[in-house]
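The values are calculated or read from the model by the stated rules, or taken from the named source; none is laboratory data. All figures in this text were calculated on a predicted structure; none of them were measured in a lab. Every residue, glycine among them, receives a Cβ derived from its backbone with ideal geometry; neighbour counts consider all protein chains shown. Please note that ligands, DNA and RNA were not included when accessible areas were found on the heavy atoms of the full protein model with its side chains. Shrake-Rupley method; radii C 1.70, N 1.55, O 1.52, S 1.80 Å.
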Amino acid sequence: MFHRLFRRKERPLIASLTPAAPANTQARAAGGYRTASKPVDHIDDLPAFNKKLYEEINLQASFRHYICPVETEANRFALILTEDMINSDIANALIKALAFKREAADPLYYIASTVVMVELCRDGVMENKPRVKNVASALNARNRESSLWSQFENIVKFAVDSNASDLHFRIERLNERSNVGFRVDGKLIRPREFQIKTGDLLDTSAYLYNIHGVSGSENAFNENKPQACQIRAEINSHRLLFRWASNQTAKGTKIVMRMLTQDEAQSIRALDELGYLPDQIDVWRRSIGRLGGGTIIAGVVGSGKSTTGQTIMTMLPETMAKYTVEDPVEYIIPDTDQYSVSRSMNDSGNDPFLAVKRQLKRQDPDAVLIGEIRDHESAGLFRDIAESGHRAFSTVHAPSAIDTITMRLTSEELGIPHDVIATPGFMNLLVYQALLPLNCPVCKLDHRQAPGISEDYLARIERVFGIERAALRFANPEGCPKCRRAGLPELHGVKGRTVVAEMIELDQTMLKLFRERQNLELKAYVRSLNRSRFDEEVSAGKSVLEVAMLKVSRGLIDPREVEYKFGTFEQHERQVAFDQALRRLA
């Protein structure tokens, strides 16, 4: 029974972990066992002990952040634990198992803070070592605590050097080692050097959440529940914000941290630097020059929407009163007042934007950027700003520019009525963008040098897009000194990323078709605006795939990356035939 209890994961163990208060420390728990009179807020306050008894009773790794059985002297045991664990099933089962071989010490319980518990579960820490309260002891304690932070710093330094956007901790408790992944140039890379002992990665995760996390969900790391928090750090002179999202998996726990630079000078880039075409930059200027109305930037996770939003806000005149409302504030924008709101992980029914709605229009805004529309509350704030004659900008997850209104904003999840969106002046511009890796300009290959390129593949590109094979360039799988990155062979031949985007300025015909819910006809009308070749620098009416093919025709992008992102060219050929038939019917 004991073994089954300590291997079971069906229910969460603890709702929260907090250091024990001095009150009630003399109280006797179930069975008459006494609690030490002084809480253990520092490792120097721990009782002397010979060894930790984790392995003797086969205590699973995730529980070790909450409870630690120790041998205090020959044939006696005690429990160092968080306050919530006293009288828990775990503690009672531990006592029963240990009582077969040892006697319970008096006091039995030592209530410890989260910091102490995280450090205590590290291998080799605090075993059979005298603790003297002096400067050297305090320094050693800080060094032991910093070992977890140092491991995180090493991970982050690699991420910064590799220009990664996200960290992926995949904690697999059935395996001896777990891996840390990095989202680099759109691909998830798992370098061999970051295969870390599962217990160590779990310790680091708990330490980060409990000690450095500012949580919008719970105060303590719990691998069995979805959790969210923010972690701020300054590493190698970089001010960084990590947006944490974690949840239980079939094999353990998955933690993803979006890494955001909080340095104005490093994150702001002009539209042409991002990859927008000259005619698209003209569209942006027309849109932000209008007195009011909404602009939406759509795309998948990691498509650079927030970066573009930051750039657009910097393009507005300094004489404007500019605001952002974000969960959380991601990038620092100069001359802009930025507000953070915190959504709850639970459906509490409270509107986190209510206070902002009440105050924002009283603060004399000219333009407001809402970080992301993902629920009724954020959609309501966007509507409130756009309808009141101010410039409203936001982002949303959608599969295309036109589907931003046909599928997302009017969905039950977001709930903006059709009639509101179809009102002239409410919505100005729809943008869908993606990021594609750029060929290394030094070592990119032509179609004769690139391995695995078939005649049929080249013929289809020529037939469908009118791009001659001689213009194509492919990423070099061997790379060169300019593009090779240590530990990332999957990215050889790639140097940076570029935005590819489709943009739709809404006109009266589009609004009429949308109001009448003629979505097929609406899409056909948008497509009919395309009257240019793929290699022409005109984007009106072109899909994001077709805009990407302009950059393919210039040798900037490997055409296989376009297929990887947007689907095969064979599928596109069929879609073109369908669109042509639809236009004939219209």
- For residues that are in a loop (DSSP other than H, G, I, E, B), touching a residue at least 60 places away in the same chain (Cβ under 8 Å) and more than 18 Å from Asp558 (Cα to Cα), tally how many sit in segment 469-519. 5
- Query: Can you tell me how many residues in segment 518-567 are in contact with a His (Cβ under 7 Å, 6 or more places away or on another chain) and farther than 19 Å from Asn439 by Cβ?
  - Reply: 0
- Task: For segment 213-227, enumerate the residues that are small (Gly, Ala, Ser), in a strand (DSSP E or B) and surrounded by fewer than 21 Cβ atoms within 10 Å (Cβ to Cβ).
- Result: Ser215
- Query: Residues in segment 529-551: is at least one over 20 Å from Ile467 (Cα atoms) and either of a type in the set (Val, Ile, Thr) or part of a helix (DSSP H, G or I) (or both)?
  - Reply: no
- Task: Would you point out which residue out of Lys38, Lys51 is of a type outside the set (A, V, I, L, M, F, W, C), out of contact with any helix residue (DSSP H, G or I) (no Cβ under 9 Å at 6 or more places or on another chain) and modelled with pLDDT of 70 or more?
- Result: Lys51
- Find the residue count for segment 38-48, including only residues that are assigned to a loop (DSSP other than H, G, I, E, B), farther than 11 Å from Ile80 by Cα and either without any contact (Cβ under 8 Å) to a residue 60 or more places away in the chain or open to solvent by less than 60 Å² (accessible area, probe 1.4 Å) (or both). 1
- Counting only residues that are more than 25 Å from Asp44 (Cα to Cα) and among the polar types (S, T, N, Q), which one in segment 65-103 is most open to solvent (accessible area, probe 1.4 Å)? Asn87
- Message: For segment 140-167: of the residues being buried (at least 18 other Cβ atoms within 10 Å of the Cβ), not acidic (Asp, Glu) and not in a helix (DSSP H, G or I), which is modelled with the highest pLDDT?
- Response: Leu167
- Message: So, in segment 406-419, exactly how many residues are open to solvent by 20 Å² or more (accessible area, probe 1.4 Å) and under 20 Å from Gln508 (Cα atoms)?
- Response: 6
- Message: Suppose the filter is part of a helix (DSSP H, G or I), of a type in the set (Lys, Arg) and either under 16 Å from Thr498 (Cβ atoms) or open to solvent by less than 40 Å² (accessible area, probe 1.4 Å) (or both); does Lys523 pass it?
- Response: no
- Screening Leu208, Leu201, Leu241 for residues that are open to solvent by less than 50 Å² (accessible area, probe 1.4 Å), in contact (Cβ under 8 Å) with a residue 12 or more places away in the chain and over 19 Å from His65 (Cα atoms) leaves only Leu241
- Query: Which one of these is in contact with an Asp or Glu (Cβ under 6 Å, 6 or more places away or on another chain) and under 30 Å from Glu218 (Cα atoms): Tyr331, Tyr339, Tyr323?
  - Reply: Tyr323
- Query: How about segment 302-325: which of its residues are surrounded by 21 or more Cβ atoms within 10 Å (Cβ to Cβ) and more than 20 Å from Leu435 (Cβ to Cβ)?
  - Reply: Lys322, Tyr323, Thr324, Val325
- Task: Considering only residues that are among the charged types (D, E, K, R), closer than 22 Å to Asp166 by Cβ and over 17 Å from the mean Cα position of the chain (by Cα), look in segment 251-272 and name the one that is modelled with the lowest pLDDT.
- Result: Glu264
- Residue that is farthest from Ile231 (Cα to Cα), among those in segment 337-395 that are hydroxyl-bearing (Ser, Thr, Tyr) and surrounded by fewer than 21 Cβ atoms within 10 Å (Cβ to Cβ): Ser388
- Item | Criterion violated by Leu277 - all others in (1) in contact with a strand residue (DSSP E or B) (Cβ under 6 Å, 6 or more places away or on another chain); (2) hydrophobic (A, V, I, L, M, F, W, C); (3) touching a residue at least 60 places away in the same chain (Cβ under 8 Å) satisfied | (1)
- Item | Options Phe474, Phe465; residue that is over 24 Å from Ile385 (Cβ atoms), in contact with a strand residue (DSSP E or B) (Cβ under 7 Å, 6 or more places away or on another chain) and of a type outside the set (A, V, I, L, M) | Phe474
- Item | Candidates Thr261, Thr249, Thr295, filtered to the one that is of a type in the set (Ser, Thr, Tyr) and open to solvent by less than 10 Å² (accessible area, probe 1.4 Å) | Thr295
- Test each condition in (1) of a type in the set (A, V, I, L, M, F, W, C); (2) open to solvent by less than 10 Å² (accessible area, probe 1.4 Å); (3) in contact with a Lys or Arg (Cβ under 8 Å, 6 or more places away or on another chain) for Ile288 and report the one that comes out false. (2)
- Task: Would you check which residues across segment 99-139 are within 16 Å of Pro39 (Cβ to Cβ), at pLDDT 90 or above and of a type outside the set (A, V, I, L, M) and list them?
- Result: Pro107, Tyr109, Tyr110
- Task: Identify all residues within segment 430-456 that are under 14 Å from Val552 (Cα atoms) and open to solvent by less than 60 Å² (accessible area, probe 1.4 Å); write none if there are none.
- Result: Leu435, Leu436, Pro437, Leu438, Asn439, Cys440, Leu445, Asp446, His447
- Query: Does segment 59-67 include one or more residues that are among the polar types (S, T, N, Q), under 23 Å from Thr253 (Cβ atoms) and touching a residue at least 12 places away in the same chain (Cβ under 8 Å)?
  - Reply: yes
- Task: Starting from segment 391-402, keep only residues that are farther than 11 Å from Ser543 by Cβ, then list their pairs with residues that are polar (S, T, N, Q) and assigned to a strand (DSSP E or B) whose Cβ atoms are within a distance under 7 Å, requiring at least 6 positions of separation or different chains.
- Result: Phe393/Thr295
